[in-house]
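Here is the structure we will look at.
The values are calculated or read from the model by the stated rules, or taken from the named source; none is laboratory data. Since the structure is predicted, the reported quantities are computational estimates derived from the model, not experimental observations. Cβ: placed from backbone, ideal geometry, glycine included. Neighbour counts: every protein chain shown. The protein model used for the area step is the full one, side chains on, heavy atoms only, and it has no ligands, DNA or RNA in it. Shrake-Rupley method; radii C 1.70, N 1.55, O 1.52, S 1.80 Å.
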Amino acid sequence: MVPGIDPKVDYPFKRLFGSVRNEALLVHVLNAVLRPGPGARVEALEFLNPFTEKEKLDDKLAVVDVKARDQAGRLLNVEMQMIPRLHFPRRLLYYWSKIYSQQLQEGDNYKLLRPTVTICFVNAVLFPAVPAHHLAFRLWEPEQAFSFSDDLAMHIFELPKFARTPEELADPLELWLYFLRHAETLDTDALPGPLNVSPIRQALEELRMLSQDQIERERYEARLKVQRDAISLIRDYESELVQQREKSLKQGLEQGREQGLKLGLVGRIQFSQRLLGGAVTPEEELLSRALGDLTQLADQLEQDILKCGR
């Protein structure tokens, strides 16, 4: 049977890897990504934001990442991004910092801080100049070649770069990357040999159950529509933003730097306001404001738009 469910969509992704009953699946994924040495394997997890059947996923601001703590106290944040937003690396760093800093209460000792790992699967190419599909970032001193701290680790997987065939899959991580890319069309009754293993079969069975439950299928279709609409919105927005910034640069050269920058910011602000469905501030009113105020407003509106596609 072909499930017809894309696990990259937020609802099935969190149901697969954020459910307490599917703890073994997330444990398998984490060990596949982290490749821990002896004594450092993930054995058990505490879900910090577990998926539940009653979880509200019918709005654009739904929380769809998976946060967990392993038996050693490490904090693990796993998420799927169908399309990266503007300032995506900063976004990842910001959310990593929130998870890391929220470990301590006022007066707590810094020694209580535990390593925090972000794992992000991206259905897009972030770094086209780099052929590798798996990039692992750390705090590193390049000249002396040593780590500042092991508390920060970010693993980014650019799924479009992963083009292995089933016969070429060599380890558990590659099985999961193939699963994320192709599970929607895999026939559970005729799995290629390397994929015919317990964790992958369990994940496909979860997708099959989701596809056959009318209510669950409707939730999936609703989330798929929201996600497609958000992707379309962000693409249109980013395209318009590039044009606005090019216009700003041109105006800056022609009319003077500050006035040109103001005009460019006005275009960004008004376009963002239209996308958000609110009132559009007149150009004259915006131009009367200080450059710093316009920059702050434009950045805030852009963040509001990006949250709508989260």
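For the range 95-215, what are the per-bin percents of Cα-Cα distances with bins 10 Å wide, up to the bin holding the maximum?
Percent of Cα pairs in each bin: 10, 29, 28, 22, 10, 1.
Past 24 Å, Cα to Cα, is the threshold; run 8/225; 67/98; 98/262; 67/111 against it and keep the listed order.
Working: 8/225 13 Å; 67/98 12 Å; 98/262 33 Å; 67/111 21 Å.
Check vs 24 Å cut-off fails for 98/262.
Could you put 8, 225 in order of accessible surface area, largest first, with the 1.4 Å probe and the full protein assembly present? Provide the component values of the computation, followed by the final result.
Working: 8 20, 225 125 Å².
Ranking 8, 225 by accessible area, largest first, yields 225, 8.
Cα-based Rg (one decimal) and Dmax (whole number) for the range 1-149, in Å?
Rg then Dmax for the range 1-149, in Å: 16.7, 56.
Rank these by accessible area, largest first, 1.4 Å probe: 215, 269.
Correct descending sequence by accessible area is 215, 269.
Could you compute how much accessible surface residue 165 exposes when probed at 1.4 Å, giving the result in Å² to the nearest 10?
60
Say R0 is 25 Å: what FRET efficiency, to the nearest 0.05, do residue 94 and residue 72 get from their beta-carbon distance?
Details: r = 25 Å, r/R0 = 1.00.
With R0 = 25 Å, the Cβ-Cβ based efficiency is 0.50.
Kirkwood hydrodynamic radius, the range 137-176, all distinct C-alpha pairs: what's the number in Å?
Values: mean 1/r = 0.0778 Å⁻¹.
Taking the inverse mean of 1/r over all distinct Cα pairs, the range 137-176 comes out at 12.9 Å.
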